[in-house]
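A short reminder: the numbers here are calculations on the coordinates, not readings from a lab. What you see is a predicted model, and the numbers here were worked out from it, not measured in a lab. Note that each Cβ is placed from the backbone with ideal geometry, even for glycine, and that neighbours are counted across all protein chains shown.
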Amino acid sequence: MSTGKRALSGIIAAGVVLGVGELIAVPIGPNSSPLTAVGSSAVDHSPAPVREWAIDTFGTSDKLALFIGMAVVIGAIAAAAGIARKPIGAVVFAVLGVVGVLAAMTRPDATALSAVPTIGGVIVGIVVLHALIGAATPATEGMTRRSFLTLAAGAAVLGVVAGTAGRMLTSARAVTADRLGFMLPTPTPQPPIPEGADLKIDGLASYITPNDDFYRIDTALVVPRLASDTWSLRIHGMVDREIELTFADLAERQAVEKTVTLTCVSNIVGGDLVGNATWIGYPLKDILEEAGISPDADMALSSSSDAFTAGTPLEVLLDGRDALLAVGMNGAPLPVEHGYPARLVVPGLYGYVSATKWVTDIEITRFDKATAYWTDRGWGALGPIKTASRIDTPRSGSSVPAGKLVIAGVAWDQHTGIDGVEVQVDEGNWVPATLSEEYSKDTWRQWTVELDLPAGQHSIRARATNSAGELQTNKTADTVPDGATGYPRISVTAT
């Protein structure tokens, strides 16, 4: 039997393990899928520099990159298992199964059945591995080359069909009729957004970010699926009275509409992990005050249904800013990927300490008594937004006509506001840009300037000044531990 056939047998058998495991996981829960469980554990235990490298390199495709990387590693191990002598191959698959079981059983939502998808997948995979290796032996041992190809094709189809069916069924359950039938509350409307808030320049991000374009960075490899009729939010801890809210309870409250810009702490200087949306929801201040907050408390530890946690300074939630329990985004129910049926939106803080999606629990506590998901992994505890700007057009590395050039971008410092943006070409003088009309200090502002560029290569930088008169820092800092800093810079060639 050739080495190539044995390696192919191992790879196909591994595909069957993953496909069958994916299908069995459908009725048990998506986090019991062997691929998802191992991937989630990898995310949880990766060092901060590795996670930041992945986000910087792959952006919102970081989860896809993780799955591809896992597939390559698993494929290599499976190929080696196929090449190895018969008992060793089965042992390798069994060891991989143990890893999958441990990963599944240590997920926050694990049950006694969470190990079943991995165990079932491994059993079927070992049977397929033995069958393929047997079919690949010379014809004198009872099988022909055609038999091997037929069996290999059938096993490959089994793995693909099972895996695809599992993913499709999981997705169908995630995007349920519940969301399609969800009726947004009628909010107290906010003042209309003025036309001058959006400069409508080609290449410049629109003032309101469409839902499909809004960045998504979270720890969920499989999007949690929650139905509005069974969802509830528990508020407990250092409170006078524990309360639990359902959507029936929320229906008795008056919703509000607020436009707020959100920013991810993993956003690099000049990056696109920032977006502006109009949210419909309920003031968090009112909800928390009903529970009666202890004067000794200083943190709200919010949890998602998949056990992600964020620690938010209580003073921020109680100081009157538009912190929301949001249920709508840009006129529609929250997209599933952005937290349906409910999430938190807090102006002035990076998302890792405030923007909990699929939120189901808020514990009132203290920073010296509790820590959150990202603070346990090296990020700062408070996460205040830093003054930042971005150049949207022209694109870095592009060629532009020599002469007059329109440069445009956005700047933000949520809950403080932006009062100015300046642009510099080739270490020359800083030139003030024209700002879009300010709508709210909780949203970004667009800016533009027209400059004369002679032929040649040029470097262009931008910097913003917030409404407190503070200039964006030129000091370069990485995203860890509390947000990147520095001036955004692009290079262009004028011809």
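Please go through the residue pairs LYS63/LYS386; LYS5/LYS86; LYS200/LYS258; LYS386/LYS475; LYS258/LYS441; LYS63/LYS357 and name each one whose alpha carbons sit more than 19 Å apart in this structure.
Going by Cα-Cα distance, LYS63/LYS386; LYS200/LYS258 fall outside the 19 Å limit.
Going by amide H atoms built from the backbone, whose H comes under 5 Å of the H on VAL421, apart from near neighbours?
When sequence neighbours closer than 5 places are left aside, the close amide H contacts are ALA433, THR465.
Considering only DSSP beta bridges with both partners in the chain, what is the antiparallel share in %, to the nearest 5? Walk me through the numbers before you get to the answer.
On the way: 69 of 76 bridges.
Given both bridge residues lie in the chain, the antiparallel proportion sits at roughly 90 percent.
What is the magnitude of the charge dipole of segment 165-296 about its Cα centre, with +1 placed on the Cβ of each Lys and Arg, -1 on the Cβ of each Asp and Glu, and no other charges, expressed in debye to the nearest 20? Write down the numbers at each step before the final one.
Working: 11 positive and 19 negative charges, 96 e Å.
Result for segment 165-296 is approximately 460 debye, rounded to the nearest 20.
Per residue of segment 437-452, in order, report the coupling 6.51 cos²θ - 1.76 cosθ + 1.60 (Karplus, θ = phi - 60°) as ³J(HN,Hα) in whole Hz, putting x for Gly and Pro.
So the Karplus estimates, Gly and Pro as x, are 5, 6, 9, 7, 6, 8, 10, 6, 10, 7, 8, 8, 8, 10, 10, 9 Hz.
Give the Debye-formula value of log10 I(q)/I(0) at each listed q (0.08, 0.12, 0.13 Å⁻¹), with one equal scatterer per alpha carbon of the chain, two decimals each.
The Debye formula, applied to the Cα set alone, gives -0.60, -1.08, -1.17.
Taking the Cα-to-Cβ direction at ARG253 and at LYS86 and moving 7 Å from each Cα, how far apart do the two end points lie in nm?
Using points 7 Å along Cα→Cβ, the separation is 6.5 nm.
Counting each DSSP H run of 4 or more residues in the chain as -39500 (n - 2.57), what helix-only mean residue ellipticity at 222 nm follows after dividing by all residues, to the nearest 500 deg cm²/dmol? Present the calculation step by step, with values, prior to reporting the outcome.
Values: 11 runs with 162 residues, N = 495.
Using -39500 (n - 2.57) per qualifying helix, the result is -10500 deg cm²/dmol.
Once you have all Cα-Cα distances for segment 388-494, histogram them in 5 Å bins from zero and send the whole-percent values.
Reading the bins upward from 0: 3, 13, 23, 24, 18, 12, 6, 2, 0.
If segment 16-142 were replaced by its equivalent ellipsoid, with semi-axes equal to the square roots of 5 times the Cα gyration tensor eigenvalues, what would those be, largest first, whole Å? Show your work: numbers first, answer last.
Details: eigenvalues 173, 69, 27 Å².
Semi-axes from the Cα gyration tensor: 29, 19, 12 Å.
In whole Å, what are the extents of segment 195-377 along the principal axes defined by its C-alpha atoms, from largest to smallest?
Principal axes ranked by extent give 53, 38, 34 Å for the Cα atoms.
What order do you get for 260-270, 238-248, 369-379 when each peptide is scored by the mean count of other beta carbon atoms within 10 Å, highest first? Before the final figure, lay out the partial values.
On the way: 260-270: 23.1, 238-248: 14.5, 369-379: 17.5.
Most protected by this proxy first, the peptides run 260-270, 369-379, 238-248.
Go through 452-460, 11-19 and give me the packing order, highest mean Cβ count within 10 Å leading. All intermediate terms of the calculation are to be shown ahead of the outcome.
Working: 452-460: 14.2, 11-19: 26.7.
Put in order of decreasing packing, that is 11-19, 452-460.
Give the relative contact order (percent, whole number) for segment 195-377; include only Cα pairs under 8 Å separated by 6+ residues. Let's see the in-between values first.
Working: 351 pairs, mean separation 47.5, N = 183.
Taking the mean separation of contacting Cα pairs over the length of segment 195-377, I get 26 percent.
Give a residue-ordered list of calculated ³J(HN,Hα) values for segment 113-123 (Karplus: 6.51 cos²θ - 1.76 cosθ + 1.60, θ = phi - 60°; whole Hz; x for Gly, Pro).
These are the phi-based 3J(HN,Hα) values: 8, 5, 7, 4, x, 5, 4, x, x, 5, 4 Hz.
Sort out for me the Cα centre separation of segment 237-305 from segment 1-68, rounded to whole Å.
33 Å
Please state, rounded to one decimal and in Å, the Kirkwood hydrodynamic radius that segment 365-445 gives when every pair of distinct Cα atoms enters the mean of 1/r.
Working: mean 1/r = 0.0627 Å⁻¹.
With all distinct Cα pairs of segment 365-445 included, I get 16.0 Å.
Based only on the alpha carbon positions, what is the Kirkwood hydrodynamic radius of segment 272-357, in angstrom? The partial results should precede the final answer.
Values: mean 1/r = 0.0751 Å⁻¹.
Evaluated over segment 272-357, this radius sits at 13.3 Å.
Say each of THR3 and GLU290 gets a label point 7 Å from the Cα, pointing the same way as Cα to Cβ; how far apart are those two points in nm?
Each label point lies 7 Å from its Cα, and together they span 6.9 nm.
Is any residue of segment 285-316 close enough, with backbone N under 18 Å, to a label point placed 7 angstrom from the Cα of LYS369 along the Cα-Cβ axis, and if so, which?
Label zone hits: 288-303, 310-316.
Between SER399 and PHE67, what is the label-to-label distance in nm when each label sits 7 Å out along the Cα-to-Cβ direction?
My value for the distance between the label points is 3.9 nm.
Using only alpha carbon pairs under 8 Å that are at least six residues apart, calculate the relative contact order of the chain and give it in whole percent.
Numbers: 1072 pairs, mean separation 69.6, N = 495.
Relative contact order for the chain comes out at 14 percent.
Going by Cα centres, segment 378-452 and segment 111-127 are how many Å apart?
Each part's Cα centre sits 53 Å from the other's.
Arranged from highest to lowest average of other beta-carbon atoms within 10 Å per residue, in what order do the peptides 337-343, 96-102 appear? Can you show the working numbers first?
On the way: 337-343: 23.7, 96-102: 18.9.
The peptides rank, most packed first, as 337-343, 96-102.
For segment 227-236, what does the Karplus curve 6.51 cos²θ - 1.76 cosθ + 1.60, with θ = phi - 60°, yield as ³J(HN,Hα) per residue in whole Hz, taken in order and with x for Gly and Pro?
Going residue by residue, I get 9, 5, 6, 10, 6, 8, 10, 9, 10, 8 Hz, with x marking Gly and Pro.
Kindly state, as a whole number, the per residue volume in cubic angstrom of the convex hull around the alpha carbon atoms of segment 305-454.
Numbers: hull volume 25.9 nm³, N = 150.
So the per-residue Cα hull volume is 173 Å³.
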